[in-house]
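Report on the structure given below.
The values are calculated or read from the model by the stated rules, or taken from the named source; none is laboratory data. Bear in mind the structure is a predicted one, so any value in this text is a computation, not a measurement. All Cβ positions, even for glycine, are placed from backbone atoms using ideal geometry, and neighbour counts span all protein chains on display. For accessibility, only protein heavy atoms count, side chains too; no ligands or nucleic acids. Shrake-Rupley method; radii C 1.70, N 1.55, O 1.52, S 1.80 Å.
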Amino acid sequence: MERIVAWHFSDPACPWAYSSRPAIARLRWRFGDQLDWRLVLIGLSESTARYEELGYTPARMATGWRKFQERFGMPFGRGVKPRMGATTRACRAIIAAREESPELGYAALRALQLMQFTTPGLLDDPDDLRAALADLPGLDAEAIVASIDDPEVRAAYEADRDRSRSAAGTPTHVQGRHAESDGPVRYTAPSIVFEHPEGGSIEVGGFQPFESYDTALANLDSALERRPPPSEAAEAVLEFPVGLTTAEIAAIMRPSDLEDADLLRTERELIAAVDAGTVASEPHGSDALWLPPGAAAADGAALTEPVAA
């Protein structure tokens, strides 16, 4: 049976895309493999010049990220990066991983997002890229970073950029959830375009709450099966053995779409699960990744996408 394709526009430097992870985690839990995820890298910046011209600095960025942490709950670091960084090379690294498998592409995106927002690492520094990708199971970080300038990777990256910059006249454009920062009308992260295999599509442009995705899918295909939330936080952790943050688990645990995520209650339950030995944890910035026992890496770097979701 053909699945609904979810064209997911993202970039490892976008705090909105990073902060959407709880909603995406709930979406993946609810619909599972009924959705076929296709990651599209936007390529927000070829260099740091435009950001510097607009007055952005590492200190300004770090200050702004505090607001995202307070509002959406994803982990952020407390430091200030040594300089601004462009996203092109990181996007190409993710694409190189994606060319090996979609799961590895999402794993690389997650790892580089965590590096970007919880460490001093830079998205255009090859050593930092290698370090962030080094412990991804099934991924050769040295080979991935070395392939960033390969013609095939460059061509795939340019194709992603073109797709990202094809939003003119779309619902995303009409709603004003687009951007024109480098000329063409483009999709902003984390826009998702759902395409039904029998025809028809619905766009959810830019940053949206979970309910927007859920409503779009209900209108696109009312026959989709909806999985209820787990009864225990450890159940979500055990199904996603590569790890989830507290905010992602809290989103999955919401009893209904009419109730907000309860991060404090979820964290208390996860801490108790660690004490009982049913869950392990790795510190990351202001939070942690929660993993099955024995899955935590010694250096705290084993980060991959929840493939089963």
Distant alpha-carbon pairs in segment 68-199 (separation over 20 angstrom), percent = 54 percent
In segment 27-106, trypsin sites (Lys or Arg not before Pro) in a DSSP loop with at most 16 other beta-carbon atoms within 10 Å = ARG78, ARG83
Tell me, what is the per residue accessible area of segment 164-260 in Å², probe radius 1.4 Å?
-> 44 Å²
Most mobile listed residue (LEU109, LEU27, LEU238) in the chain, GNM with C-alpha springs under 10 Å | LEU238
Between Rg and the Kirkwood Rh of segment 104-162, both from Cα atoms, what is the Rg to Rh ratio?
-> 0.97
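Can you compute the FRET efficiency between VAL274 and THR119 using 1/(1 + (r/R0)^6), with r the Cβ-Cβ distance and R0 = 22 Å? Round to the nearest 0.05.
Numbers: r = 23 Å, r/R0 = 1.04.
Step by step, r from the Cβ atoms, then E = 0.45.
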Got a sec to turn the phi values of segment 47-59 into Karplus ³J(HN,Hα) couplings, 6.51 cos²θ - 1.76 cosθ + 1.60 with θ = phi - 60°, whole Hz, x for Gly and Pro?
-> 8, 8, 4, 5, 5, 5, 5, 7, x, 6, 9, x, 5
Checked against the structure, the computed P(r) over Cα pairs in 20 Å bins from 0, in percent among [x] 34, 61, 5; [y] 33, 58, 9, 0; [z] 32, 52, 13, 3, 0 is the one labelled [x]
Within the accessible area of segment 1-86, what % is carbon and sulfur when the probe is 1.4 Å and the other protein chains stay in place?
-> 53 percent
Sequence-distant or interchain residues sharing an amide H contact under 5 Å with ALA280, placed H: which?
-> LEU291
Taking +1 at the Cβ of each Lys and Arg and -1 at the Cβ of each Asp and Glu, which of THR246, ALA236, LEU217 sits farthest along the dipole of segment 175-257 towards its positive end, judged by Cα position relative to the Cα centre?
-> THR246
Using mean Cβ contacts within 10 Å as the protection proxy, how do 125-132, 188-195 order, highest first?
-> 188-195, 125-132
At 37 °C and 0.692 mPa s, the Stokes-Einstein diffusion coefficient in µm²/s for segment 1-86, with hydrodynamic radius from the Kirkwood sum on alpha carbon pairs, is 218 µm²/s
Karplus ³J(HN,Hα) for segment 253-261 (6.51 cos²θ - 1.76 cosθ + 1.60, θ = phi - 60°; Hz, whole; x = Gly/Pro) runs 7, 3, x, 7, 6, 8, 10, 6, 5
